[in-house]
């Protein structure tokens with residue numbers, strides 16, 4: 001991944017195993033390319049402790065060309 005923004009702490013309210021739950025969590029926004037997304041998702045799953053972690057991918061449909069090139073360069077194997 002090229003960078004991560006960490007937001008929080010955030011209060012979360014969710015339903016889990018038929019019960020209402022509350023937790024303090026942090027939102028991490030990770031940047032990578034579509035081609036490296038599966039590897040990032042696998043790594044995030046390995047590092048966290050939730051049974052069903054919230055890991056979602058959002059496509060970037062457009063962006064500053066220099067920024068997009070930086071992301072691609074940052075995640076390319078050396």
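The values are calculated or read from the model by the stated rules, or taken from the named source; none is laboratory data. Values in this document were obtained by computation on a predicted structure and should not be read as measured data. Note that we place each Cβ from the backbone using ideal geometry, even for glycine, and neighbour counts take in every protein chain shown.
Pairs please, first residue from the range 1-14 and under 30 Å from residue 73 (Cβ atoms), second anywhere and outside any strand (DSSP E or B), Cβ atoms under 7 Å, 6+ apart in sequence or on different chains.
Close Cβ pairs (under 7 Å, with a partner that is outside any strand (DSSP E or B)) amount to 1/32; 1/40; 1/75; 2/32; 2/70; 2/71; 2/74; 2/75.
For residue 42, all conditions in the list (1) touching a strand residue (DSSP E or B) at 6+ places or on another chain (Cβ under 6 Å); (2) not in a loop (DSSP other than H, G, I, E, B) hold save one; what is the number of the exception?
Failed condition: (1).
Find the residue count for the range 22-45, including only residues that are over 13 Å from the mean Cα position of the chain (by Cα) and over 23 Å from residue 72 (Cβ atoms).
Number of matching residues: 4.
Does the range 45-71 hold any residues that are assigned to a helix (DSSP H, G or I) and exposed (fewer than 14 other Cβ atoms within 10 Å of the Cβ), and which are they?
Scanning the range 45-71 gives 45, 46, 47, 65, 66, 67, 69.
Just to verify a result, which residue in the range 15-44, among those that are farther than 16 Å from residue 4 by Cα and either surrounded by 12 or more Cβ atoms within 10 Å (Cβ to Cβ) or in contact with a helix residue (DSSP H, G or I) (Cβ under 9 Å, 6 or more places away or on another chain) (or both), is modelled with the highest pLDDT?
The extreme case among them is 23.
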